[in-house]
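So the structure is just underneath, and the comments pick up after that.
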Amino acid sequence: MLEIYEDLKSKDHMPEIPESELSDEQVMVELTAIKKRLGNRVVVLGHHYQQDDVIAFADITGDSLELARKAAAIKDAEYIMFCGVHFMAETADMLSGPHQKVILPDLRAGCSMADMANRREIDVAWKYITECTSEKIVPVTYINCTAALKSFVGEQGGSICTSSNAEKVITWAMSQGEKLLFFPDQHLGRNTCFKLGIKLEDMVVYDPRRQHGGVTPEQIQKAKVILWYGFCSVHQGFNKSHIELWRQKDPERVLIVHPECSFEVVQGADLAGSTSFIVNTIRDAKPGTRFAVGTEINLVNRLARQFPEMDVVSLSPYQCLCTTMYRIRPRWLLESYRAIERGEPINVITVDDVTKKFALKALDQMLAIS
Ligand code: 13P
Ligand code: SF4
């Protein structure tokens, strides 16, 4: 009897206090302890847009391309805890080994841009566009999409791209055919194609909400690039007036933006690139350099804190927050960790084998190009 009592008293058998009843401080303490206990069994990946209290637990941080590469390189960990959004976790699942499980701590962490194109819409668009022209069209999807869309480009001999390798991937795609179909982000597509020397008048926008995408067969025949009508609601928050305001107020300030921003914003800025490009540019700048940054507010605020020798502010006076990235909280990380420790993992993201086959082909194509 005493033995049982002693056993019950031991820390390992103390009943778990539900996460919902823990204070934020207790969550951090518990999370620190459980991360230590599970050690290398779990690797935590954190996208740059995550909040500081989540980044504090990340073993690896990065942009989409870096995190995809890291997910592919992790060999020993049983679990990859992905602190980012759903499409990133799906990508990690496809690139990781069959002995590994990918966990998304909050299943509601989606991406509004990824929701702007689905497989049925893409199939309809592809049928119409390919019937309009005899020229070869190469499809490229931004990594911000579901695995089903990645699978589509794999089936059609296309590729995936991220914001940091879009130039290389689009250059490759244009060498494989006469036309490019780029989805779901029209802005990344337009900004990158323009940088590569393609004129705006050679690009058309296909809007899936309209009959035949709102484009005529003649427009398709004439165009080099067909852009999907998709965008990021967060980066849509930056506009030309913000650029003009800073140019007026502080002409020396470096304006640096993400290529998901509109054409006018990217053209008006000094620099544009992926989240890691933004991080590295600010990190490597001369102390005292002043930046106005056009990207998600958690990253901008972290950069301002991390590099006090610089002057880092948001390009917009309003908070451009990715509310879905924001859903990942230490509390849900703890819940996922506890489930792993119990041997009953939750929030496991898996892509079915049929989808995975061609999606992986497209992912491998991207990794080979970049
Ligand atoms: P990066 O690949 O630049 O990190 O971008 C991901 C993203 O979703 C930006 O909105
Ligand atoms: Fe998606 Fe935009 Fe959030 Fe990036 S910032 S995850 S594109 S909604």
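The values are calculated or read from the model by the stated rules, or taken from the named source; none is laboratory data. Please read all numbers here as calculations on a predicted model, not as lab measurements. Positions of Cβ are generated from backbone atoms using ideal geometry, with glycine treated the same way; all protein chains shown enter the neighbour counts.
How many residues are away from ligand 1 (no atom under 16 Å from the Cβ) and either farther than 21 Å from residue 62 by Cα or assigned to a loop (DSSP other than H, G, I, E, B) (or both) if we restrict to the range 270-322?
Number satisfying all stated conditions: 15.
With the structure loaded, tell me whether residue 70 is within 19 Å of residue 336 (Cβ to Cβ), touching a residue at least 12 places away in the same chain (Cβ under 8 Å) and more than 16 Å from ligand 2 (Cβ to nearest atom) or whether it fails that test.
Yes.
Among the residues of the range 348-356, is any within 15 Å of ligand 1 (Cβ to nearest atom) and touching a Phe, Trp or Tyr at 6+ places or on another chain (Cβ under 9 Å)?
Checked the range 348-356: no residue is within 15 Å of ligand 1 (Cβ to nearest atom) and touching a Phe, Trp or Tyr at 6+ places or on another chain (Cβ under 9 Å).
Can you find, within the range 39-52, the residue that is nearest to residue 364 (Cα to Cα) among those that are surrounded by 16 or more Cβ atoms within 10 Å (Cβ to Cβ) and touching a residue at least 60 places away in the same chain (Cβ under 8 Å)?
47
Can you pull out every residue in the range 74-129 that is in a strand (DSSP E or B) and within 16 Å of ligand 2 (Cβ to nearest atom)?
Scanning the range 74-129 gives 82, 83.
Name the pairs: first residue in the range 99-127 and closer than 30 Å to residue 329 by Cβ, second residue among the acidic types (Asp, Glu) and within 16 Å of ligand 1 (Cβ to nearest atom), Cβ to Cβ under 7 Å, at least 6 apart or on different chains?
Going by the 7 Å Cβ cut-off, the qualifying pairs are 113/185.
Which of the residues belonging to the range 317-334 are of a type in the set (Val, Ile, Thr) and surrounded by fewer than 23 Cβ atoms within 10 Å (Cβ to Cβ)?
Within the range 317-334, 323, 324 qualify.
Of the conditions (1) within 19 Å of residue 259 (Cβ to Cβ); (2) within 13 Å of ligand 2 (Cβ to nearest atom); (3) in contact with a His (Cβ under 9 Å, 6 or more places away or on another chain); (4) β-branched (Val, Ile, Thr), residue 293 clears all except one; give me its number.
Going through the list (1) within 19 Å of residue 259 (Cβ to Cβ); (2) within 13 Å of ligand 2 (Cβ to nearest atom); (3) in contact with a His (Cβ under 9 Å, 6 or more places away or on another chain); (4) β-branched (Val, Ile, Thr), residue 293 breaks only (2).
Does residue 133 fit the bill of being within 16 Å of ligand 1 (Cβ to nearest atom) and closer than 19 Å to residue 181 by Cβ?
no
Identify the residue in the range 28-61 that is within 16 Å of ligand 1 (Cβ to nearest atom) and not in a loop (DSSP other than H, G, I, E, B) and, among all such residues, is nearest to the chain's Cα centre (by Cα).
Only one residue tops the list, namely 47.
Within the range 41-93, how many residues are closer than 26 Å to residue 168 by Cβ and of a type in the set (Lys, Arg)?
Qualifying residue count for the region: 2.
Going by the conditions given, is residue 361 modelled with pLDDT of 95 or more, within 20 Å of the chain's Cα centre (by Cα) and among the basic types (Lys, Arg)?
yes
Scanning the range 131-150 for residues that are of a type in the set (S, T, N, Q) and in a loop (DSSP other than H, G, I, E, B), which turns out surrounded by the fewest Cβ atoms within 10 Å (Cβ to Cβ)?
By that ranking, first place goes to 134.
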